[in-house]
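Visitor: Handing you this structure, nothing more for now.
Every number in this text was worked out from the coordinates using simple rules, so none of it is lab data. Values in this document were obtained by computation on a predicted structure and should not be read as measured data. A quick note on method: Cβ atoms are made from the backbone with ideal geometry, for glycine too, and the neighbour counts reach across all protein chains shown.
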Number of protein chains: 2
Amino acid sequence: MEFDLIEVIRARVDVARGDVALGIGDDAALLNVPAGQQLVACTDTLVAGVHFPVGTAPEDIGWKALAVNLSDLAAMSAQPVWALLALTLPDADAAFVECFAEGFAELARAHGVALAGGDTTQGPLAVTVTALGFVPHGLALTRGGARVGDALFVTGTLGDAAGALRVLRESGENGVELRARLDRPEPRIAAGLALRGIASACIDVSDGLLADLGHICASSKVGAEIEVDALPVSPALAASFDAKTCRDLALSGGDDYELCFTAPSAREKEIVETLARIGCGATRIGRIVAGSRVRALDASGSEIEIARAGWEHFSP
Amino acid sequence: MEFDLIEVIRARVDVARGDVALGIGDDAALLNVPAGQQLVACTDTLVAGVHFPVGTAPEDIGWKALAVNLSDLAAMSAQPVWALLALTLPDADAAFVECFAEGFAELARAHGVALAGGDTTQGPLAVTVTALGFVPHGLALTRGGARVGDALFVTGTLGDAAGALRVLRESGENGVELRARLDRPEPRIAAGLALRGIASACIDVSDGLLADLGHICASSKVGAEIEVDALPVSPALAASFDAKTCRDLALSGGDDYELCFTAPSAREKEIVETLARIGCGATRIGRIVAGSRVRALDASGSEIEIARAGWEHFSP
């Protein structure tokens, strides 16, 4: 008798949606996409020891596996709707799966995401989630719309997740606040929706600000200047590291899942106020310029050399 | 500079579709679902050494990762449209990825499937594909529609993939024909579409006939009787094993990706002729009965004991 782990997950991820005509339990799910909406789809894998520290609580792995995908939807200004989950684990550890499902479910409930399909397999611990969402036709934010003269913004604070990893590596300890940013990133869904019609380009900061802003610049065929003194860092990060380290973590650290976006300079006040109303900080951190490079500038306008341009898989 | 493996894959999986408004290269894909169609979604993971033998050619892994998902769409009578690919591999082996992408692309081209999204990560070799397709509202085949008195059918032949594994395990050799069934399963898309409006229930045979027919019975709240002498086996399988072993492999072997379906008994001739026109064999192998058990019967009508009920992950 198969030990039906996907049933364990389904029982806990209990968001019901009328647009799921047929959910888990057949060969595939049947889903109803409303007229006028585009389907927004992304997939991301988390591998143990690569995307989360070995020993991360299963609840946190479940949360994060969904969060990193919802963050991609947020960057497109999409409303999350459904997820499919492929969980690979070394053995049929029901307690692990229950805790994993609880963390996944907690975030799914917060955003009304129904689990539409799943697969459990035996192998080294890894999770792949596919997230599906809606955006009205033509209203998605992309990486490609930044224009010279646009102001550059970021939500929340940067560098916390990378700071948590550095604390863990250097001291073996978990800073509570920083570690929460690493383990339980909050996808900026509400901010992404609020920026629809306002932002000209948007990306989520998963690989680090410099790397991800570089993607906006490449897609939009522009350059960018970051004023490093404007970079928002949390009190917890500032209390843990000197100013230069905070700056480097904010520029290059991955896994923050904030939104980096561009918008006409004149809309700065509107943006800050709009996001403040949904409890989301927004900071202007620079500008879009002609060219193709991303440059980080100090208070005097001099370019700063950055050692490492973000989190990159398969880096040499 | 990131070694952009997903670009290597995108360049090779070159199916273009007008309904992909924005493909690989942003945070998520933007996809257009036509009015009147339901979205059909499934996800399946292949892990090295679990779902394919270590040493399987990367082309075959790429083909199979898509095939097992298209097979799930076939069982729903869905037309495949898009796929998302999450590839985890131990190192940035461009040659491996190119070959993998070629195999994936070969099958994607055959069915007009566009690669809409992807993720490459570092870790133990595994592939998760999410396949998306369309079915007109209300016309999907499910596991739940079998009725007492229905005839039971299977496409093609059964047991070849499990036979290939047994040959490999017992002799270390690869029987060419059997191994092709294991490495390059042909998802029965055309058959699934042809069975729309004809079949009452359908599932793909991934875990073995007994196990998968058991899913139809559970969903439909019926039992089933299989006439083992009617089970279709290939000449290659018959040449490799004695009759009893062939029978056991056909009953319990997984990974064949044929369709097992039920339909009113009176439609047998129409079904066989309809599928023959698209080059797909179909064999009546039994019937749906009252109850909840799946029984395998010999020519005298006596029940046969089966040692192992199919391929099951995490079996004790």
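Visitor: Restricting things to Cα coordinates, could you compute the convex hull volume per residue of region A:93-200 in Å³?
Guide: 182 Å³
Visitor: I want the antiparallel fraction of DSSP beta bridges within region B:181-311, as a percent rounded to 5.
Guide: Rounded to the nearest five, the antiparallel share is 70 percent.
Visitor: What nm distances, shortest first, do you get from the label point of B:ASP14 to those in the other copies when the point sits 7 angstrom along Cα to Cβ?
Guide: When each copy's label point is compared with this one, the spacings are 5.2 nm.
Visitor: Can you list, shortest first and in nm, the gaps between the label point of A:PRO34 and those of its counterparts in the other copies, using a point 7 Å from Cα in the C-beta direction?
Guide: Here A:PRO34 shows inter-copy label distances of 2.3 nm.
Visitor: On to the next question. Determine the sum of side-chain charges near B:ALA282: Lys and Arg each +1, Asp and Glu each -1, restricted to other residues whose C-beta is under 13 angstrom from that of B:ALA282.
Guide: +1
Visitor: Given the options B:GLY214, B:GLY253, B:GLY301, state which has the largest fluctuation in a GNM of chain B using a 10 Å cut-off (strictly under) for Cα springs.
Guide: The residue with the greatest mean-square fluctuation here is B:GLY301.
Visitor: Return the FRET efficiency for the residue pair A:GLU177, A:ALA218: r is the Cβ-Cβ distance, R0 is 41 Å, and the value is rounded to the nearest 0.05.
Guide: Step by step, r from the Cβ atoms, then E = 0.75.
Visitor: Right, another one. Count charges around B:CYS217 for me, please; just the other residues with Cβ under 13 Å from its Cβ, Lys/Arg as +1, Asp/Glu as -1.
Guide: Every neighbour counted, the sum reads +3.
Visitor: Return the calculated 222 nm mean residue ellipticity for chain B, to the nearest 500 deg cm²/dmol, obtained by summing -39500 (n - 2.57) across DSSP H runs with n ≥ 4 and dividing by the residue count.
Guide: -10500 deg cm²/dmol
Visitor: Something else: If you take every DSSP beta bridge whose two residues both sit in the protein assembly as shown, what share of them, in percent to the nearest 5, is antiparallel?
Guide: 75 percent
Visitor: How far is it, in nm, from the label point at A:ALA95 to the one at B:ALA57 when both lie 7 Å from their Cα along the line to the Cβ?
Guide: A separation of 4.6 nm, rounded to one decimal place.
Visitor: Mind telling me which of A:ILE278, A:ILE61, A:ILE226 comes out most flexible in a GNM of chain A, alpha-carbon contacts under 10 Å?
Guide: A:ILE278
Visitor: Can you pull the three principal axis extents for the Cα set of region B:37-149, in Å, largest first?
Guide: 50, 28, 21
Visitor: When the dipole is taken about the Cα centre of the protein assembly as shown, and only Lys, Arg (+1) and Asp, Glu (-1) are charged at their Cβ, what size is it in debye, to the nearest 20?
Guide: 1560 debye
Visitor: Can you tell me which of B:ASP207, B:ASP183, B:ASP93 moves the most in a GNM of chain B? Springs connect C-alpha atoms under 10 Å apart.
Guide: Maximum fluctuation in the GNM of chain B, among the listed residues, is at B:ASP93.
Visitor: Let me check the size of chain B from its C-alpha atoms; what are the radius of gyration and Dmax in Å?
Guide: Rg, Dmax (Cα atoms, Å): 19.8, 69.
Visitor: Still on this structure: What is the P(r) of region A:151-297, as percent of Cα-Cα pairs per 10 Å bin from 0?
Guide: Bins of 10 Å from zero give 12, 44, 34, 10, 1 percent of pairs.
Visitor: Can you return the lysines within cross-link range of B:LYS64? Criterion is Cα-Cα under 30 Å, with same-chain partners fewer than 8 residues away left out.
Guide: A:LYS64, B:LYS244
Visitor: Okay, next question. With the label 7 angstrom out along Cα to Cβ, how close does B:GLU268 come to the same site in each of the other copies, in nm, nearest first?
Guide: So the distances to the same position in the other copies read 8.0 nm.
Visitor: Continuing with this model, one more query. How large is the Kirkwood hydrodynamic radius of the protein assembly as shown, in angstrom, based on all distinct alpha carbon pairs?
Guide: Kirkwood radius, the protein assembly as shown: 25.5 Å.
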